[in-house]
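Worksheet for the structure shown next.
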């Protein structure tokens with residue numbers, strides 16, 4: 001996981017934990033909020049579409065709060081993160097860097 005003070009803990013939960021979560025809230029997996037498979041916070045988890053991520057955040061009122069997201073396929077240049085080549089990833093990084101360079105200074 002990306003290590004930064006502002007990024008809360010992210011982890012893939014087991015199928016049993018997912019079943020318990022869905023039963024507790026009487027929902028289906030795809031009613032959960034979504035997170036793209038290439039989201040920077042979960043890239044090192046190698047989460048696959050359909051898996052559920054548990055996010056543990058510190059809360060001033062609750063102490064610790066848990067949030068859940070279902071991983072969905074994301075696209076960059078028409079391909080999901082797991083389908084991109086290293087060249088495509090580098091090209092995307094260059095494109096993002098150019099946008100930041102062109103941004104006006106504040």
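The values are calculated or read from the model by the stated rules, or taken from the named source; none is laboratory data. Source: prediction; values computed, not measured. Note that we place each Cβ from the backbone using ideal geometry, even for glycine, and neighbour counts take in every protein chain shown.
Structure notes:
- Here the stretch 3-17 is the region considered, the condition is being in contact with a helix residue (DSSP H, G or I) (Cβ under 9 Å, 6 or more places away or on another chain) and outside any loop (DSSP other than H, G, I, E, B), and the residue that is surrounded by the most Cβ atoms within 10 Å (Cβ to Cβ) is 10.
- Exactly one residue among 81, 103 is under 25 Å from residue 6 (Cα atoms), within 17 Å of the chain's Cα centre (by Cα) and modelled with pLDDT under 60, and that residue is 81.
- Conditions (1) at pLDDT 85 or above; (2) within 18 Å of residue 8 (Cβ to Cβ); (3) not in a helix (DSSP H, G or I): number failed by residue 44: (3)
Residue by residue, here is whether (1) out of contact with any helix residue (DSSP H, G or I) (no Cβ under 8 Å at 6 or more places or on another chain); (2) at pLDDT 90 or above; (3) not in a helix (DSSP H, G or I) holds:
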residue	(1), (2), (3)
1	no, no, yes
40	yes, no, yes
49	yes, yes, yes
55	yes, yes, yes
64	yes, yes, yes
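- Extreme residue, nearest to residue 7 (Cα to Cα), among residues of the stretch 18-56 that are touching a residue at least 40 places away in the same chain (Cβ under 8 Å) and exposed (fewer than 12 other Cβ atoms within 10 Å of the Cβ): 44
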